[in-house]
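The values are calculated or read from the model by the stated rules, or taken from the named source; none is laboratory data. Note that the structure is a prediction, hence the values are computed from the model and not measured. Here Cβ is always computed from backbone atoms with ideal geometry, including for glycine, and neighbour counts include all displayed protein chains.
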Amino acid sequence: MSEPVKRALVTGGSGGIGAAICRRLARDGHHVYVHARLGVDAAEKLVGEITAAGGSAAAIHFDATDTEGTRKALESALTCGPIQILVNNAGVHDDAILPGMRAEQWHRVIDVSVNGFFNVTQPLLLPMIRTRWGRIINISSISALIGNKGQVNYAAAKGAINSATKALALEVATRGITVNAVAPGIISTPMSEGSFDEKAIERLVPMNRAGLPAEVAAVVAFLSSAEASYVTSQIISVSGGMA
């Protein structure tokens, strides 16, 4: 028997990994809200692609760092019913070694990942709890597990997400809601192009290759499913053996 259709929200859904997650959740039969802040055209294009393939999707636009703006956008979406699958994927890089890092670089990265997590997740929790079924998947990073030079801000932000994952999982464990994080390593996306050459990948990744967005999406899809009902509070690395 197939699972009933759930309503899913993927923040940063217009990016490389986010788009792969949106496609996979739609393929699994869920209605997907493709979120974008600046990539509005890309989000709308992805919605068109999903619906043309027989899936169900809609674009949703808000700035996750804007508490009130995010709440209003989510309240509008919730009028159609609870969102039971949430993928907190939105995040930004602004790399620099810490001695040369500007304050705005630190605050911007923390704001999008950490404050954005709160702004999006908190308004969705009570409607999700009332259904006694939910899946929250937070996209972390290998940087939070093993560190990376030039990414103290990003590692700090994703490390906070890992800790929040574990704490929130405990709060909602008796309500049929699981909370997990997925920590990608080097994934082949437009954002990562030029960051690592083949020799660097061979040196850093035991599998000697970059991962694919679809490989991250497959793990998210499992964690979003009924089959993962006993998996919670986990940080799962998708990194070819880096961690």
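Give, as residue ranges, the helices (runs of 4 or more DSSP H) completely inside segment 66-139 that count at least 1 residues that are among the acidic types (Asp, Glu).
On the way: elements: 67-78, 103-110, 116-131.
Passing ranges, in order: 67-78, 103-110.
Checked against (1) modelled with pLDDT of 95 or more; (2) in contact with a helix residue (DSSP H, G or I) (Cβ under 9 Å, 6 or more places away or on another chain); (3) at negative phi, Arg132 meets all criteria but (3).
Can you work out which of the residues in segment 140-154 that are touching a Leu at 6+ places or on another chain (Cβ under 9 Å) and in a helix (DSSP H, G or I) is surrounded by the fewest Cβ atoms within 10 Å (Cβ to Cβ)? Among them, the one singled out is Val152. Look at segment 167-183: where a residue is within 12 Å of Thr121 (Cβ to Cβ) and in contact (Cβ under 8 Å) with a residue 24 or more places away in the chain and a partner is among the charged types (D, E, K, R) and not in a helix (DSSP H, G or I), sitting 6+ places away or on another chain with Cβ atoms under 9 Å, you get Ile177/Arg132; Ile177/Arg135; Val179/Arg135. Within segment 170-183, being more than 15 Å from the chain's Cα centre (by Cα) and either surrounded by fewer than 19 Cβ atoms within 10 Å (Cβ to Cβ) or closer than 21 Å to Ser239 by Cβ (or both) holds for Leu170, Glu171, Val172, Ala173, Thr174, Arg175, Gly176.
Taking Leu46 as the residue in question, decide whether it is assigned to a helix (DSSP H, G or I), in contact with a Pro (Cβ under 6 Å, 6 or more places away or on another chain), surrounded by 15 or more Cβ atoms within 10 Å (Cβ to Cβ) and in contact (Cβ under 8 Å) with a residue 24 or more places away in the chain. Before you say what the answer is, go through the steps one by one.
Details: assigned to a helix (DSSP H, G or I): yes; in contact with a Pro (Cβ under 6 Å, 6 or more places away or on another chain): no; surrounded by 15 or more Cβ atoms within 10 Å (Cβ to Cβ): yes; in contact (Cβ under 8 Å) with a residue 24 or more places away in the chain: yes.
No.
Once segment 184-200 is narrowed to residues that are in contact (Cβ under 8 Å) with a residue 24 or more places away in the chain and not in a loop (DSSP other than H, G, I, E, B), the residue that is surrounded by the most Cβ atoms within 10 Å (Cβ to Cβ) is Pro184. Being part of a loop (DSSP other than H, G, I, E, B) and among the β-branched types (Val, Ile, Thr) is the filter here; which residues of segment 54-65 pass it? Residue satisfying the conditions is Thr65 alone.
Which of the residues belonging to segment 197-225 are small (Gly, Ala, Ser), under 21 Å from Ile139 (Cβ atoms) and either modelled with pLDDT under 95 or in contact with a Pro (Cβ under 9 Å, 6 or more places away or on another chain) (or both)?
Start the filter on segment 197-225 by keeping residues that are small (Gly, Ala, Ser), which leaves 200, 210-211, 214, 217-218, 221, 224-225.
With the extra rule that they be under 21 Å from Ile139 (Cβ atoms), the set shrinks to 210-211, 214, 217-218, 221, 224-225.
Hits for segment 197-225 are Ala210, Gly211.
Kindly list, by first and then second residue, each pair from a residue in segment 4-18 that is surrounded by fewer than 24 Cβ atoms within 10 Å (Cβ to Cβ) to a residue that is of a type in the set (Val, Ile, Thr) and at pLDDT below 90, limited to pairs with Cβ atoms under 6 Å and residues at least 6 apart or on different chains. Note: pairs meeting the criteria are Gly16/Thr189. Under the condition of being assigned to a loop (DSSP other than H, G, I, E, B), loosely packed, with under 15 Cβ neighbours inside 10 Å and touching a residue at least 40 places away in the same chain (Cβ under 8 Å), the residues counted in segment 201-229 number 1.
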